[in-house]
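Down below is the structure, laid out as structure tokens.
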Amino acid sequence: MSMSERVQGQPPMYSRQAEKFLLGLDKKPRERIKSSIEKLPKGDVIPYKEQDGYFRLRVGSWRILFRWLEGHEQILIALVEGRGQAYKKGV
């Protein structure tokens, strides 16, 4: 199954870091990021070169690092950060 064939099923899972980062944002940017996550695999998505199996979603100046779980039925949001910090921290 390719990335473009995502089964619309379970909602994404969020790591503790991703949840804390999103809760620290104002409502408008938080909703923008969550809306983009819900639209996956659509969006500015490319494989994350630093870690096999992970992808990078760009939403404005934020970066979301994620991977597919369980036969592409669910997504794990591993990291949500500003552009500069996301690449320094990595997954």
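Taken together, the values in this text are just the output of simple stated rules run on the coordinates, not laboratory data. Just so it is clear, the structure is predicted and the values come from calculations on it, not from any experiment. No Cβ is skipped: glycine too gets one built from the backbone with ideal geometry, and neighbour counts run over all protein chains shown.
See the values below:
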quantity: Selected residue [on the phi > 0 side of the Ramachandran plot and either in contact with a Phe, Trp or Tyr (Cβ under 7 Å, 6 or more places away or on another chain) or without any contact (Cβ under 8 Å) to a residue 60 or more places away in the chain (or both)] from Gly60, Gly82, Gly71; calculated: Gly60
quantity: Every residue from segment 19-53 that is farther than 19 Å from His72 by Cβ, surrounded by 14 or more Cβ atoms within 10 Å (Cβ to Cβ) and touching a residue at least 40 places away in the same chain (Cβ under 8 Å); calculated: Phe21, Leu22, Ile33
